[in-house]
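Read the figures in this text as sums done on the coordinates, not as results from a lab. Everything numeric here is computed off the predicted structure, so don't read it as measured data. Positions of Cβ are backbone-derived with ideal geometry, glycine not excepted, and every protein chain shown enters the neighbour counts.
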Amino acid sequence: MTANGNGTAPGLDTQPGIEVVAQQKLQPDSKIYDRVQKLTAFFAKEYGVEPEFIVRVPGRVNIIGEHVDYCGYSVLPMAVSQSIFLAVAKNPDSSQLQLRNIEEAKFQGYDADLKTFRIELPKSGGPAWYNYFLCGIKGVQEQLASKWRPLGMRIAVDGNVPLAAGLSSSSAMVSSAVLATAHVQGMQLDRRELASISAKCEQYIGTHSGGMDQAIAYLGRVGCAHHIEFHPKLKGTPVTLPAGKCFVVANSLAQKNKAASSDYNERVVECRLATRWLAKVKGLINWQDIVRFIDLEEACQMDNETFEKLIRDNLTKSVYTRADICKELGITEQELETKFLSANTRHMEQFKLQQRALHVIQESGRVAKFRQICEELSSTPNQKDASKLGLLMRQSHESLRELYECSHPDVERLIEISNKLDVSARVTGAGWGGCIVAMCDSVEIADEYIKALKREYYANLPAHLLERHQPSDFNEVVFATLPGNGAELYIK
Ligand code: NG1
């Protein structure tokens, strides 16, 4: 079944209530045709046969709504054209997984038996690339439970989502593994279900993330960003970005591998502790079961302003110690460790509950405003309201830098240059390095902005960044981007 010709975007098959990943035929005039041909040739060289199908899963850029998804709040990302491609065939009569990457020197091939495979994470440093793939397989295995069959797969991978740059390369890989495995297992390819499986199983890599990346990887649609809600259940609403606005992504080139550090999980811990603390203050009977700000907000029927006041009135210290937390929550240090901390957060001694909570609540308000302004602008365009979007992006960045402390000196240099040029920009993704996203008032202004960034940032890269990126035209690290489609599946 294909969805073309019936008004839906390519690759979006709609059945009542569900949207499935449609099986499409790749057309020779498609933009991705050459890349697929190259991957198919690599597959044939490695395995001596042709692939049975091709999977494409995009990275994403988040326009606004940072570090709120794991608290249950909505986000506003769009899928980008940088994607992971997989060429896939079943491994006849075998339970063997064979994984080969087109960049063989950088990503070594990997084989495993799907009857016995395990995800093994190193004690320090980032996980090997194939572990992200194994997470996806494990996710489908758990979903299917007794219906799971260890059907071997031959896979060739080609990815061009920049690594550790906040554009969601890890989730594109996990989600592509979920889609390929689900298809081989004969599952119905329901986009929302696959996104949920992908979000759940990426936790096996050790990051306690929310579901933004996997959701947009499946729900993205050409031409619009998406307002993605997680509560009470996953829902994506297309949002038309204001006409004429052009979004630019610029990679600071400072890399941040979340799975190799504890910063991200530390923020998750602080949010959970703040939630529990405030749920107790509110005298909720089930305060010990509440882990996300959104559940607290719902239980107390608070609006944003009331929530903010609750935080300011009750989380008054700038830093809390373990002793403070244990006293308030009536738990021992051991319980703090077993109930809230994990392998890479067990060292935490200090907790900035007020700052983290304020960021999350205010950022969730900015997402709602951003969507509302976009909707109003699509019926009655006006420049004054459009500039409010830029202000929201700037406020988001300031909050991420000051309250969430997840910016980086190299990211700040990009932001300073943007401010000087009067372009609204913010760090996108988890932060601590990676990319910024900027909103320009026209394509022409975006061209000028990109030229200015090349002159002022990329032509003067400090030694520590030049080691990673030799001088070039830098077109791959600073570019204008348009919203693209989510996951796609191509058959012969
Ligand atoms: P990055 O690091 O940009 O892929 C991470 C999380 C998101 C979200 C953002 C911050 C993963 C897979 N993704 O994105 O869920 O929390 O940080 O908004 O951990």
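Rounded to two decimals, what is Rg over Rh for the range 96-169 when you use alpha-carbon atoms and the Kirkwood radius? Present the calculation step by step, with values, prior to reporting the outcome.
Values: Rg = 13.4 Å, Rh = 13.7 Å.
Answer for the range 96-169: 0.98.
Other residues within the sphere of radius under 14 Å centred on the Cβ of Ala323, judged by their own Cβ, net out at -3 (K and R +1, D and E -1). Over all pairs of different C-alpha atoms in the range 130-218, the reciprocal of the mean inverse distance, the Kirkwood hydrodynamic radius, equals 13.0 Å.
Could you size up the charge dipole of the chain around its Cα centre, putting +1 on the beta carbon of Lys and Arg and -1 on that of Asp and Glu, and report it in debye to the nearest 20?
Details: 56 positive and 59 negative charges, 100 e Å.
That gives the chain a dipole magnitude of about 480 debye.
Along the charge dipole of the chain, pointing to its positive end and built from +1/-1 on Cβ of Lys, Arg, Asp and Glu, which listed residue (Tyr73, Gly283, Gln362) has its Cα farthest out? So the residue furthest toward the plus end is Gly283.
Dipole size in debye (nearest 20) for the range 29-106 around its Cα centre, Lys and Arg Cβ +1, Asp and Glu Cβ -1? Roughly 120 debye, rounded to the nearest 20.
Assign one of three labels to the range 272-421, namely rounded, prolate or oblate, based on the Cα gyration tensor with a ≥ b ≥ c the square roots of its eigenvalues; rounded applies when a/c is under 1.5, prolate when it is not and a/b is larger than b/c, and oblate otherwise. Cα axes put the range 272-421 in the oblate bin.
Equivalent-ellipsoid semi-axes (√(5λ), Cα gyration tensor) for the range 420-463, whole Å, largest first?
Working: eigenvalues 69, 52, 11 Å².
Result for the range 420-463: semi-axes of 19, 16, 7 Å.
Across the range 137-149, coupling constants 3J(HN,Hα) worked out from phi with the 6.51/-1.76/1.60 Karplus curve, θ = phi - 60°, read 5, 4, x, 5, 4, 5, 5, 7, 6, 5, 7, 5, 10 Hz, and Gly and Pro carry x.
Mind listing which trypsin sites (Lys or Arg not before Pro) in the range 185-268 are in a DSSP loop and have 10 or fewer other Cβ atoms within 10 Å? Could the numbers behind the result be given before it?
Details: sites: Arg191, Arg192, Lys200, Arg221, Lys233, Lys235, Lys245, Lys256, Lys258, Arg267; in loops: Lys233, Lys245, Lys256.
When the trypsin sites (Lys or Arg not before Pro) of the range 185-268 are filtered for loop state and at most 10 Cβ neighbours within 10 Å, Lys233 remain.
Kirkwood radius for the chain, taken over all pairs of different Cα atoms as the inverse mean of 1/r, rounds to 23.4 Å.
Only Lys, Arg, Asp and Glu carry charge here, each on its Cβ (+1 for the first two, -1 for the last two); on that basis the range 194-316 has a dipole of about 220 debye about its Cα centre.
Among Glu193, Glu52, a tally of other beta-carbon atoms within 10 Å of each Cβ gives an order, fewest to most, of Glu52, Glu193. Spatial offset of the range 360-409 relative to the range 432-492 amounts to 21 Å, using the alpha carbon center of each.
Report summary: the helix-based calculation at 222 nm, which adds -39500 (n - 2.57) for every DSSP H run with n ≥ 4 and divides by the residues of the chain, gives -12500 deg cm²/dmol. Compared with the rule-of-thumb size 2.2 N^0.38 Å for a compact globular protein, the range 18-118 has a Cα radius of gyration ratio of 1.36. Ordering Met439, Tyr449, Val411 by the projection of their Cα atoms onto the charge dipole of the range 407-492, which places +1 on the Cβ of Lys and Arg and -1 on the Cβ of Asp and Glu, puts Val411 at the extreme positive end.
Of Lys25/Lys256; Lys106/Lys233; Lys123/Lys256, which pairs sit farther than 28 Å apart, going by alpha carbon to alpha carbon? Too far apart for the 28 Å limit: Lys25/Lys256; Lys106/Lys233.
Taking each of Lys309/Lys352; Lys235/Lys280; Lys147/Lys492; Lys388/Lys420 in turn, the alpha-carbon distance tops 21 angstrom for Lys235/Lys280; Lys147/Lys492. Taking the fewest neighbouring Cβ atoms within 10 Å as the starting point, the ordered list for Glu46, Glu488 is Glu46, Glu488. Charged neighbours of Met173, selected by a Cβ distance under 12 Å, balance to -3 (K, R count +1; D, E count -1).
Local charge for Pro483 was computed over the other residues whose Cβ lies under 12 Å away, with Lys and Arg +1 and Asp and Glu -1, and equals +3. Residue exposure proxy: Met173, Met302, Met153, ordered by other Cβ atoms within 10 angstrom of their Cβ from fewest to most, comes out as Met302, Met153, Met173.
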